[in-house]
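Here is the structure we will look at, set down as structure tokens.
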Amino acid sequence: MVFNRAGNNVGKVLLKKGKITQEQYEAAIAESEKNDKPLSETLVSGKVTPEDIAQAQGEVIHVPFMSLRALTLPPEIIKLVNGQVLRRHNVVPISFAGESTDVLVLAMSNPLDMVAIDDISIITGCQIEPRISTLGDINQLLDKYYGSEEAMTAAEQYQKERESRYAEMEAKAEKEDQDLSNAPIVQLVRSILEQAVRQRASDIHIDAHETQVVVRFRIDGVLKNIMSYDINLLPVIVTRIKIIGGMDISEKRKAQDGRITIDVDRTEYDIRVSILPTSYGEKVVMRLANTVALTRTKAQLGMREQELKVFDHILSNPNGIILVTGPTGSGKSTTLYTALSALNDESVNIITVEDPVEANISGINQVQVNVKANLTFATALRAILRQDPDIIMIGEIRDYETASIAVQASITGHLVVSTLHTNSSAATVSRLLDMGVESYLIADSVVGIIAQRLVRKLCPHCKKPREATRDEKEILGVDPDQPLTIYEPGGCPMCSETGFYGRTGVYEIMEMNSELKHLVTIKANTNDIKNCALKSGMNTLRMSAAKYVVEGVTTMKELFKVSFEG
């Protein structure tokens, strides 16, 4: 905005400063009168910039000029006024004047706009101290600090308009939902889900027996009977689960998969549902997951200090393949998600392809495998490579095609993390060879292999000490002649009489070095690779579990579960 009454004076200031000549000044006045434009607009030329005009205007009306370039607004200032209000008046708040928060410095394209000054003063409760600046600088600052807010407001407005079309239908549906939520079967299914969450269950099993329905929870890796109902309740329980899981309630002869999202104690849980027809009716298994549990800090994984250092070093590779191996339920997904969270940054493009997506993580692009749509691991990977990725996560390498694309992606400068079902780190190399991947490509691409298991932790309130036998001491790698106290599970209300509470990870981390790469290239056997890794400082699963037994964290029985052969 320009000042008509002050236009001539602005021209005189520019003339005095040598920014324009007398001829230019007179020509600008003539053009202003002819086209009915403010003089300041006609004065702008290659030599006279908007900043020159604003400075001259400031001198005329005695308002200081302020350049807004490279200016950073403090958070407390940004929150004072809505961006749309600022945009309407062509103003932007800059700071408080001095130490007082009663006077606000306001950059304006027209400091004589009393409506703008009054509006901002009323909204903020502050006196306004104006500064003059160019309209371009003001809009640039508004874009920088209020552009996202305005975009969100526009999106919300669109959503409101869209929702208003269905307002009447939603009101009717809400009443029906309220009636439905009070139904006993709805409350029963909800109760089962909530109890499972609160008891730390990873899975819910609803089993159809001849005369009853048995509900079991998998807690710390072990199934436990929780409740049972009459078999007549099975059809309505399954139907309710199908409804909330988005499945076909009329189909009872085929296996079905679904997904449920539920809030329990202000935490959102994602539940994967599998329904399978059995001789006595449909069996339901629901796997519970929440983003918080899957995205732990690296320290919460259960790695020891030395293992964390190796893990961090492997993750620092700019390219290559990192493989996490172990059977189903060994915590591979948690390790992968934790690694991705550690790598997640606005400067990198992370894309995953999973079957299924177990938890949604902000800032990561996650792709769900869909075989019916021909979106397999291999086809998704090919598409992902055209999406300029820095880091790729593959839920599982299942065949040669997927393995081959993963190897090529890692060699061409991408960091690839994935899982395999093998028993140890060294055996993973043999599995890749069996898939048909060339040995020199494995040696060139793989930077680290992590084999892992989960062991149950003894309840600290009721664990029972006993002296270890001579054979147990030898297995644990301690002096058989020295006394050693180990612990067995007890049982108390704190652990629901199980003797265990929670699980921790046991790891075997093999970081590839030049010697291992050479052995892989010449297709050395698994034992040679393992022995070389041990010389380089790797701990086997048994060695890692043994440390937990000696420390009283877990039991000998748990050690044999994770590593029977050593």
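Before moving on, here are some points about what is shown:
- Whether the range 187-322 is rounded, prolate or oblate, judged on the alpha carbon gyration tensor where a/c under 1.5 counts as rounded: prolate
- Positive minus negative residues near LEU106 (Lys, Arg vs Asp, Glu; Cβ under 11 Å): -2
- Ranking by accessible area, most exposed first, for LYS19, LYS283 with a 1.4 Å probe: LYS19, LYS283
- Taking a sphere under 14 Å around the Cβ of GLY320 and counting the other residues whose Cβ falls inside, with K and R at +1 and D and E at -1, yields a net charge of -2.
- Ordered by solvent-accessible area of protein heavy atoms (1.4 Å probe), largest first, the residues HIS62, HIS461 come out as HIS62, HIS461.
- Across the chain, C-alpha contacts under 8 Å between residues 6 or more apart give a mean separation that, scaled by the residue count, equals a relative contact order of 8 percent.
- Between the Cα long axis of helix 184-198 and the first principal axis of the chain there is an angle of about 90°, rounded to the nearest 10.
- Chain lengthening between THR21 and LYS254 when straightened (0.36 nm per residue, less Cα-Cα): 75.0 nm
- Entries of LYS298/LYS530; LYS332/LYS530; LYS332/LYS561; LYS37/LYS144; LYS16/LYS144 with Cα pairs more than 27 Å apart: LYS37/LYS144; LYS16/LYS144
- With contributions of -39500 (n - 2.57) from each DSSP H run of at least four residues, the per-residue ellipticity at 222 nm computed over the chain stands at -12500 deg cm²/dmol.
- Size of charge dipole - the range 281-394 - debye, nearest 20, with Cβ of Lys, Arg +1 and Asp, Glu -1, no other charges: 320 debye
- The distance between label points at VAL348 and ASP36 comes to 6.3 nm (points 7 Å beyond Cα on the Cα→Cβ vector).
- Packing-based order for 530-536, 549-555, using average beta carbon neighbours within 10 Å, highest first: 549-555, 530-536
- Net lengthening on full extension, LYS144/TYR229 (0.36 nm per residue, minus Cα-Cα): 24.6 nm
- Among the cysteines of the chain, CYS126, CYS532 have no other cysteine beta carbon within less than 4.7 Å of their own.
- For the range 417-566, a crude dipole built from +1 on the beta carbon of Lys and Arg and -1 on the beta carbon of Asp and Glu, taken about the Cα centre, is about 380 debye to the nearest 20.
- Between SER514 and LYS561, the FRET efficiency estimated from the beta carbon spacing at R0 = 41 angstrom works out to 0.70.
- Space enclosed by the convex hull of the alpha-carbon atoms of the range 345-432, per residue, Å³: 111 Å³
- Check: the range 196-295 dipole with +1 on Lys, Arg Cβ and -1 on Asp, Glu Cβ, in debye: 100 debye
- What a 1.4 Å probe finds exposed on the chain is 50% carbon and sulfur by accessible area, rounded to a whole percent.
- Along the axis of the charge dipole computed for the chain (Cβ charges of +1 for Lys and Arg, -1 for Asp and Glu, origin at the Cα centre), the listed residues THR540, TYR337, SER404 are led at the positive end by THR540.
- Applying a DSSP loop filter and a limit of 13 other Cβ atoms within 10 Å to the GluC sites (Glu not before Pro) in the range 328-422 leaves GLU346.
- Rolling a 1.4 angstrom probe over the protein heavy atoms with all chains in place gives the range 379-519 an accessible area of 45 Å² per residue.
- With 5 Å bins from 0: P(r) over the range 423-528, alpha-carbon pairs, percent: 2, 11, 14, 13, 11, 10, 10, 10, 9, 7, 2, 0
- Remark: the chain is approximated by an ellipsoid whose semi-axes, taken from the C-alpha gyration tensor as √(5λ), come to 64, 34, 25 Å, largest first.
- Helix axis angle, 305-315 relative to the chain longest principal axis, alpha carbon, degrees: 60 degrees
- With a cut-off of 13 Å between beta carbons, the residues surrounding GLN366 carry a summed charge of -4, where Lys and Arg count +1 and Asp and Glu -1.
- Acute angle (nearest 10 degrees) that the helix 526-535 long axis makes with the longest principal axis of the chain, alpha-carbon atoms: 70 degrees
- Whether the range 475-566 is rounded, prolate or oblate, judged on the alpha carbon gyration tensor where a/c under 1.5 counts as rounded: prolate
- The modelled label-to-label distance for the pair ARG304/TYR280, using points 7 Å beyond Cα in the direction of Cβ, is 4.6 nm.
- Segment VAL264-LYS464, length gained on full extension (0.36 nm per residue, minus Cα span): 68.5 nm
- Low-density loop cleavage sites - GluC sites (Glu not before Pro) in the range 423-515, where at most 14 other Cβ are within 10 Å (DSSP): GLU438, GLU497
The values are calculated or read from the model by the stated rules, or taken from the named source; none is laboratory data. Note that this is a predicted model, so its numbers are computed, not measured. Please note: Cβ atoms are built from the backbone with ideal geometry, for glycine as well, and neighbour counts cover all protein chains shown. Quick note on the areas: whole protein, heavy atoms, side chains included, nothing else; ligands and nucleic acids left out. Shrake-Rupley method; radii C 1.70, N 1.55, O 1.52, S 1.80 Å.
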